[in-house]
Structures are given as C-alpha cells and as structure tokens.
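Notes follow once the structure below has been shown.
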Amino acid sequence: MLPQHLTRFSGKTTNRFERVNKYIRNILLAIVLLFITTIIGILGFMVIDDYTFAQAFYMTIITLSTVGFGEVKTLSPEGQVFTAVLIIFNLGVFAYAISIISNFFIEGELRSFLKDYKMFKKIQTIENHTIVCGYGRHGHQICDELIKSKLPFVVIEPNPVHIDELREKKFFFIEGDATDDDVLISAGISRAKAIVITYSENAFNVYTVLTARQLNPQLRIITRATDHNAEKKLLRAGANHVVLTEVIGGFYMATLIHQPNVVEFFSIISNMGDVAIHFKEVDYLQLREEFRDKTIKDLGLRSQTGVNIIGVRQPDGHYDVNPKPDITINKGMTLVILGDLNQVKKFQEIIMLMSPPEKEQGVHARR
C-alpha cells in the first residue's frame with residue numbers, strides 16, 4: 001500500500017487494458033442477460049400456454065427479436081401479459097448490449113487496445129534499454145535526449161493526458177504506477193540497463209527506487225530529489241545517482257551572472273545546443289586489442305580521429321582531468337572523449353570494438 005499522501009497521485013491511473021476488460025465484462029454481462037431472458041421465455045411459454053419446447057423456443061426468439069411474425073397458437077390472457085413483460089425487459093437488455101458494443105468500436109477502444117497490445121509485445125523483446133518513470137517536464141527532456149542518442153527506452157506514466165501524447169509520438173510506454181512490481185516487470189526491468197525516476201514527490205521516488213532495486217540489483221538507478229535530505233534517503237534506498245534539479249538550476253543561474261560563456265559552452269558540449277559536439281564514455285573493454293595497455297600518446301587519437309581525451313576514470317573511481325600523454329590505459333579505466341559527431345563516429349569505427357548484432361537491434365525507441 002502507498003502512503004496516504006501518495007494515493008491522490010496513483011489514483012489518476014486509468015489503465016487502458018483495465019478499461020478494455022471492463023468493456024468485455026459488460027459485453028459478457030449483456031450476453032448472459034440475453035441468455036437468461038431466452039431461458040425465461042422458453043419456460044414461460046411452456047408453463048403458461050403448454051407450448052412444446054420447439055414452439056416455446058420459436059415464440060421466444062420472434063418475441064425478443066420483435067420481427068412481428070404470427071403466434072404459433074393463440075395466447076391466453078396470462079400468456080399475453082407474459083409476452084408483453086418479456087418484450088419490455090428485452091428492450092432494456094438489447095439497448096444495453098448495443099450501447100456497450102457500439103461504444104467499444106465508436107470510441108476507438110478496440111483499435112487503441114490492439115495497437116497498445118502490439119507495442120507491449122515489442123517491449124518484451126528489447127534489451128539494455130532505459131525506463132523513464134514519469135513523462136512530465138524532466139521526463140520529456142530525457143526522452144528527447146535518448147532519441148538524439150538513438151537509445152531505446154520505455155516510459156512509465158500514470159496520467160492519461162500524457163499517455164495520449166506518448167501514443168501520438170509513437171513512443172514505447174506502459175500506463176501505470178512505477179511502484180507496482182507488475183508494471184516495472186512489464187517495462188522489462190530485468191533486461192533494462194538503467195531507470196530514470198522523475199517524479200516531483202520525494203516519497204514516490206523513494207518507493208520506486210526500492211522497488212526497482214529489488215527487481216534488478218544490477219540496474220543503474222538515476223532519480224531526482226528536491227533537497228539534500230531526500231538525496232540521502234534515495235541513496236540509501238539504492239539509487240546510483242541523485243540529481244538535485246533545483247540546486248543545479250540555481251547554480252546555472254548564479255554562474256550566468258559572472259560566467260555566462262562557461263554556461264553556454266557547457267550547453268554546447270552537453271549536446272543541448274545547436275553545435276554537434278559530443279561527450280562519449282569509453283570503457284577499456286570497448287577498445288580494440290591493439291589500443292589497450294598503451295599510453296594516451298601512443299594511441300594517437302588526435303591524429304587518427306580528431307577527438308580529445310578530456311578525462312580518465314581510474315579503477316578506484318578517481319578522475320584525471322585533462323590527463324597527461326604518458327598515462328597508460330589499463331583494465332578498469334574509462335575514457336571520456338570529446339569531439340564533433342563525425343570525429344566520434346570515426347573514433348568508434350577505428351578504435352572501438354563493433355557492438356554485437358543483437359545489441360544493435362531495437363536501437364530506436366519509436367514504434
């Protein structure tokens with residue numbers, strides 16, 4: 001159970017599959033009512049006017065369908081009253097069944113359901129994807145950046161308004177509550193590479209982190225927080241990274257006062273501007289054999305690809321910023337390179353191992 005102050009948020013969830021199930025239940029109810037009416041009609045004609053089963057069945061069908069054929073034999077006054085009641089009752093049942101079936105088709109629920117089901121089956125096949133919890137302001141931006149990087153992702157969103165937008169953009173999505181185990185499993189959390197949690201309520205983020213960490217201990221969990229107290233709780237809950245969005249926003253605004261060009265440059269190298277400059281993180285194991293266990297100088301990256309190594313992460317987690325040329329790239333290290341799009345692509349072609357074919361499939365997050 002969610003805490004009381006979270007129920008108003010999760011209560012907005014209106015799962016499309018649940019709505020379709022409701023339609024199906026209503027249709028089944030209408031069928032059952034028609035069946036019961038038919039049985040009552042047959043028994044009524046047999047008991048009141050001593051019809052045979054075949055005669056009673058025939059009279060019931062022409063009465064319920066209101067086709068206007070003549071009676072098999074003259075009805076008694078009691079039989080006439082029974083027939084009138086049967087017709088009135090059947091009109092209500094028939095109108096109910098027609099309204100349910102017509103709404104199911106006219107409102108487009110069946111078509112949307114079939115599309116969503118097809119999408120759901122595709123979600124079950126993707127791997128190494130990112131799960132984005134919440135398609136608000138931050139979730140929207142995250143999805144845009146994942147599309148730029150051609151990385152697969154699945155959005156979990158409880159708000160029907162945002163669901164319509166996701167469906168219009170043809171994104172992979174699961175409609176539901178990210179604290180629900182079944183919802184995360186449906187989003188492929190066991191096969192996911194990372195999960196990004198963007199809800200505005202800290203407690204909801206904590207619940208989602210706990211659930212995600214339990215379902216996939218190796219998952220990289222990134223979440224937002226509004227203050228340092230929430231940051232500590234989220235890290236204890238199992239988050240790998242906690243982003244204080246308000247703190248970062250304040251830092252940016254303060255920096256713009258006295259160092260506006262620094263902020264502008266950071267936006268460019270973060271791929272948020274119009275200039276196609278990219279960071280790339282490259283693990284030692286992603287390098288071809290001939291480029292391992294060599295110094296940065298011996299790699300000759302600048303002359304071969306045009307990229308620059310601006311940072312090296314040591315196995316102990318220490319970063320060497322603007323590393324010296326004589327640093328040897330050993331196992332456990334990670335390189336941070338910087339270059340434009342063409343330079344990074346050339347680096348991938350010359351220096352890095354080719355990705356296995358199965359990891360290239362489903363690279364786009366769109367349907």
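The values are calculated or read from the model by the stated rules, or taken from the named source; none is laboratory data. Computed from a prediction, not measured in an experiment: that's the story for all the values here. Neighbour counts are summed over all protein chains in view; Cβ atoms, including those assigned to glycine, are modelled from backbone coordinates with ideal geometry.
Data table
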{"item": "Residues (in contact (Cβ under 8 Å) with a residue 24 or more places away in the chain and not in a helix (DSSP H, G or I)) located in segment 201-226", "result": "Glu201, Asn216, Leu219, Arg220, Ile221, Ile222, Thr223, Arg224, Thr226"}
{"item": "Residue within segment 201-208 that is among the hydroxyl-bearing types (Ser, Thr, Tyr) and in contact with a Pro (Cβ under 9 Å, 6 or more places away or on another chain) present", "result": "yes"}
{"item": "Segment 236-294, subset at pLDDT below 85 and in a loop (DSSP other than H, G, I, E, B), residue surrounded by the fewest Cβ atoms within 10 Å (Cβ to Cβ)", "result": "Asp274"}
{"item": "Residue match in segment 98-118 (condition: within 17 Å of Phe204 (Cβ to Cβ), in contact with a strand residue (DSSP E or B) (Cβ under 9 Å, 6 or more places away or on another chain) and not small (Gly, Ala, Ser))", "result": "no"}
{"item": "For His140: the one exception among (1) touching a residue at least 12 places away in the same chain (Cβ under 8 Å); (2) surrounded by 14 or more Cβ atoms within 10 Å (Cβ to Cβ); (3) in the same structural domain as Thr245 (by TED's automatic domain parsing); (4) not aromatic (Phe, Trp, Tyr)", "result": "(1)"}
{"item": "Filtered residues of segment 194-207 (kept if touching a strand residue (DSSP E or B) at 6+ places or on another chain (Cβ under 6 Å) and within 16 Å of Ile142 (Cα to Cα))", "result": "Ala194, Ile195, Val196, Ile197, Thr198"}
{"item": "Members of segment 295-305 that are part of a helix (DSSP H, G or I) and closer than 18 Å to Lys346 by Cβ", "result": "Ile296, Leu299, Leu301, Arg302, Ser303, Gln304"}
{"item": "Answer from Val183, Val242, Val247 - the residue that is free of Cβ contacts under 8 Å to residues at least 24 places away in the same chain and farther than 30 Å from Val344 by Cα", "result": "Val247"}
{"item": "Condition check for Ser190: under 20 Å from the mean Cα position of the chain (by Cα) and more than 22 Å from Pro152 (Cβ to Cβ)", "result": "no"}
{"item": "Scan of segment 316-350 for residues that are hydrophobic (A, V, I, L, M, F, W, C) and in contact with a Ser or Thr (Cβ under 7 Å, 6 or more places away or on another chain), ordered by number", "result": "Ile327, Phe347, Ile350"}
{"item": "So Leu219, is it surrounded by fewer than 18 Cβ atoms within 10 Å (Cβ to Cβ) and out of contact with any Leu (no Cβ under 7 Å at 6 or more places or on another chain)", "result": "no"}
{"item": "Pair list, Cβ under 8 Å, 6 or more apart: segment 40-58 residue under 13 Å from Phe82 (Cα atoms), other residue basic (Lys, Arg)", "result": "Asp49/Lys73"}
{"item": "Tabulated pairs, segment 150-162, first assigned to a loop (DSSP other than H, G, I, E, B), second among the acidic types (Asp, Glu), C-beta under 8 angstrom, 6+ apart or interchain", "result": "Pro158/Glu175; Pro158/Asp177"}
